[in-house]
1. Return the residues of the range A:314-341 that are in contact with a strand residue (DSSP E or B) (Cβ under 7 Å, 6 or more places away or on another chain) and assigned to a loop (DSSP other than H, G, I, E, B); say none if nothing qualifies.
2. Residues that are closer than 23 Å to A:G48 by Cα, aliphatic (A, V, I, L, M) and either touching a helix residue (DSSP H, G or I) at 6+ places or on another chain (Cβ under 6 Å) or in contact (Cβ under 8 Å) with a residue 24 or more places away in the chain (or both): does the range A:548-561 have at least one?
3. Of everything in the range A:342-374 that's hydrophobic (A, V, I, L, M, F, W, C) and assigned to a loop (DSSP other than H, G, I, E, B), which residue is modelled with the lowest pLDDT?
4. Filter the range A:286-297 for residues that are touching a strand residue (DSSP E or B) at 6+ places or on another chain (Cβ under 9 Å) and surrounded by fewer than 17 Cβ atoms within 10 Å (Cβ to Cβ) and give the result.
5. Can you run down the residue pairs with Cβ atoms below 8 Å, 6 or more apart or on separate chains, where the first is in the range A:517-529 and at pLDDT below 95 and assigned to a helix (DSSP H, G or I) and the partner is within 16 Å of RNA strand B (Cβ to nearest atom) and not aromatic (F, W, Y)?
6. Restricting the range A:402-424 to residues that are buried (at least 24 other Cβ atoms within 10 Å of the Cβ) and more than 21 Å from A:W155 (Cα to Cα), which is nearest to RNA strand B (Cβ to nearest atom)?
7. Go through the range A:138-156 residue by residue and tally those that are within 16 Å of RNA strand B (Cβ to nearest atom) and either out of contact with any strand residue (DSSP E or B) (no Cβ under 6 Å at 6 or more places or on another chain) or closer than 19 Å to A:D488 by Cα (or both).
8. Go through the residues of the range A:179-186 one by one and say whether even a single one is within 11 Å of RNA strand B (Cβ to nearest atom), part of a loop (DSSP other than H, G, I, E, B) and among the aliphatic types (A, V, I, L, M).
Amino acid sequence: MDYIAIEKKWQDKWQRDDVYKFDKTKVGKKKYVMEMFSYPSGAKLHAGHWFNFGPSDSYARFKAMQGYNVFEPMGFDAFGLPAENYAIKTGIHPEDSTLKNIDTMERQLKAMGAMFNWDAEVVTCMPDYYKWTQWMFVQLYKAGLAYRKEAPVNWCPSCATVLANEQVVDGACERCNSTVVRKNLTQWFFKITDYAEELLNCLDDLDWPEKTKLMQKNWIGKSTGAEVEFTLDNGKTFRVFTTRADTLYGVSYVVLAPEHPLVDEITTPDRQADIDAYRDMVSKVNEIERLSSTREKTGAFTGAYAINPINGKKVQVWVADYVLYSYGTGAVMGVPSHDERDFAFANKYGMDITRVVKGGEGVDDTLPFVEEGYAINCDEFDGLPTSEAKKGIVEKLASIGKGKFVTNYRLRDWLVSRQRYWGAPIPVVYCDKCGTVVVPEEQLPVLLPRDVDFKPDGKSPLRKHEGFMNTTCPHCGGPATREADTLDTFVCSSWYFLRYPDNKNQDKPFDSEWINQMLPVDKYIGGAEHACMHLLYARFFVKALRDMGYLNFDEPFKSLVHQGIILGPDGQKMSKSRGNVVSPDSYIDKYGADAFRMYLMFGFSYTTGGPWSDDGIRSIAKYLDRVERLVLGYIDKTESSDDIGEEEKNLNYILNTTIKKVTEDMEAFSFNTAIARLMELTNAIYLYKGTNVNFIKDVLDKMVRLLAPITPHFSEELNMLMGKPYPIIKREYPLVDESALVKNEVEIAIQINSKIKGRIMIPTDKSGKDLEEYIIALPEVVALIGGATVRKIIVVPGRLANIIVG
RNA sequence: GCCGAAAUGGUGGAAUUGGCAGACGCGUCGGACUCAAAAUCCGAAGAUGGCGACAUCGUGUGGGUUCAAGUCCCACUUUCGGCACCA
């Protein structure tokens, strides 16, 4: 078969006949299946894209043949850093390179023969999309979920530009190698923390991989503890967060994050130089290093003292980089006796170490002792177990207004400002008279100007564009300045699944009534690397939009599957710089799209992926030839017996177990085993020696239908050759004939003392005691037992019998 | 460092979730067809020992639980994903 020719033929015909059109009148039977859209960075799709899109398209086709009305849209996450970097390097405008890449990728995606609903496409860098991204910002602002505050960025002093984490290599700028420092800028945030509790609680009900739910759970990082107020010499107070309030009597110092604003106020003149030097040093260390538990703890004394509210003890106030300003209150109490970090810190700087928790009977409670135990040296709380001591101490603090129970989350608010050009402008203007004013909805979009200078020279590209920056205040009409930052591209991807089904809507981002019927997405497929960020942001958006009244559901993605990653042949992640990118094009030219996607489905575990190798791609082509020969061999045969003998019964059994297994495997994204079953069926048909041609034709028809989601063009062709109705996607997916699966005998393994000794056939109508007695009475089994005493017998129906003797 | 995964023949990968390890392929070897080769069809095969029936060993390492462990528990090793401005 000329695969290339038939693929082209069917793709054209499918398009002419619009066979994959989503039927908006049958929304009750809808299945919304979508893959994470891709970033058009490289000029072309690589094998990894196919690995994401090909198999999931097969899943979508499988659902379509099961009678669902499938919606499988596709789009592009088109804003972002790489296009801008490319522009800086080559001078090619990001819009031009991006649109060109999208064009190429669309063409390649169409060549895949997927049933994408192209009329639902979204491209996030187009004004008709980012208009509504900006609208989202405005709604969040109105709902009190967007605010500004100072936050650090990576700053390269030599390039005078903000760097992405990715552009910082070992603390240095990837372009000029100067040391990168952190610098505070006022930036926009979304208050995702308002939803921390709900984001955590709703995880339970999602059909997502357990590991992903666990990662999100840990990312949100709920921890219950207490805030305790310490008073400084100058009368000012600050709070520390602790999960071990029971150790408050053991505090020997307190620590503020180096970024904590109080540090400036309290540092004594003689300590100022030290503190400045320390803060300068810390500004060069990234957060991952700061949190490393093996890194040596460092700190500096501010010269100030604070009073422990529980016992009036005066303790030193230090700064140390292991305290993060962004978590808890940005301050912690140091209890060296019961915390490993504090223990190391206290030893280094010569602080007191006072035990306040004792282990129970027989417990090794060598300091630092971080387990729970019983309070000692704690006045009236002595002897209380840890949990009660916590309660007692916090209640006492509460009674004097010095503490309370609080719940803390590790999750931080989402910083959405980017000091870059290639993103959606943040729709805000600053007016001397009216202050911060969001752009009214009817004035959206705030268009991203094309004629900008995006060379890095110390200013955000948009800030240099006077025509963009200078505007009038929507409130008072006076002169005003625009926000020069753009939105994080994660904002664009946090709602695109809401736009797909209503992508042409000019009046609103989507029609709520329609979207409430189309969503949530039934099956979302994408990489596990998005577990914590994209997948959490999208959930936040849906919840926020629901609370604003735009949606009536709680979660965007009911069911989630992660595909693995196809690595380069060298086992490394495919990347242009490594030069290990595998392009599908030459394979498709040689073997066709069907064979290529089937190979990807067969040669790798879908959720694991692995290093690319084309060993075996030829074997898929050979397999398809084998199927073709089989079908063509029977097509013209008209003479048939109507025998239903052993040959037919046997093959019918294999056919129906295949249908059963393949259906289950397709449902579970276990494509490699589904294909293995189909190969077994093909092998079994080859071995058929009977003469019942009508029966075989029926088996072949079912096999072709089972193959249709995996090799759509090839199966369409065979379907036509067999004279069956077009298109195959509208034909029914084969159903299992349960009666064909009934067998009256099964083979089980016989174990003596847990070692396999043989295999026997046993009737399927026996069970329990009957079966045990039947087995030990069998002559083969008696011989194996050889006169020894049977002590125990364990029978696993259909699997094995283990006879314990001796 | 912290969070989350993974490790199975020469090789890609299976294993009903605690029940016959290695399905289905690739590669290899043998046979059929052929003058021959290719293609195709049929078959063998974890390792070691044995002519053989068979025996022993075997799922990254070391322990453990169990009638039974690739699967569960403990301690490690290595690799991968994420760590909030790559997307």
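1. Of everything in the range A:314-341, those that are in contact with a strand residue (DSSP E or B) (Cβ under 7 Å, 6 or more places away or on another chain) and assigned to a loop (DSSP other than H, G, I, E, B) turn out to be A:V323, A:G328, A:T329, A:G330.
2. At the first step, the residues of the range A:548-561 found to be closer than 23 Å to A:G48 by Cα are A:557, A:559-561.
Add one more test, that the residue is aliphatic (A, V, I, L, M), and what stays is A:560-561.
Narrowing the set further to residues that are either touching a helix residue (DSSP H, G or I) at 6+ places or on another chain (Cβ under 6 Å) or in contact (Cβ under 8 Å) with a residue 24 or more places away in the chain (or both) leaves A:560-561.
Yes, the conditions are met somewhere in the range A:548-561.
3. Kept after step one, since they are hydrophobic (A, V, I, L, M, F, W, C), are these residues of the range A:342-374: A:343-346, A:351, A:353, A:356-357, A:363, A:367, A:369-370.
So of that shortlist, the ones also assigned to a loop (DSSP other than H, G, I, E, B) come out as A:351, A:353, A:356, A:363, A:367, A:369-370.
Numbers: A:M351: 91, A:I353: 91, A:V356: 93, A:V363: 75, A:L367: 80, A:F369: 86, A:V370: 86.
Filtering the range A:342-374 for residues that are hydrophobic (A, V, I, L, M, F, W, C) and assigned to a loop (DSSP other than H, G, I, E, B), the one modelled with the lowest pLDDT comes out as A:V363.
4. Taking the range A:286-297 and keeping what is touching a strand residue (DSSP E or B) at 6+ places or on another chain (Cβ under 9 Å), we get A:286, A:297.
Across the range A:286-297, the qualifying residue is only A:N286.
5. A:A528/A:P209; A:A528/A:K211; A:A528/A:T212; A:A528/A:H562
6. Of everything passing the filter in the range A:402-424, A:A424 is nearest to RNA strand B (Cβ to nearest atom).
7. Residues of the range A:138-156 that are within 16 Å of RNA strand B (Cβ to nearest atom), as a first pass: A:140, A:145-156.
From what's left, either out of contact with any strand residue (DSSP E or B) (no Cβ under 6 Å at 6 or more places or on another chain) or closer than 19 Å to A:D488 by Cα (or both): A:140, A:145-155.
Qualifying residue count for the region: 12.
8. Among the residues of the range A:179-186, at least one is within 11 Å of RNA strand B (Cβ to nearest atom), part of a loop (DSSP other than H, G, I, E, B) and among the aliphatic types (A, V, I, L, M), which makes the answer yes.
The values are calculated or read from the model by the stated rules, or taken from the named source; none is laboratory data. Given the structure is predicted, the values throughout are model-derived calculations rather than measurements. All Cβ positions, even for glycine, are placed from backbone atoms using ideal geometry, and neighbour counts span all protein chains on display.
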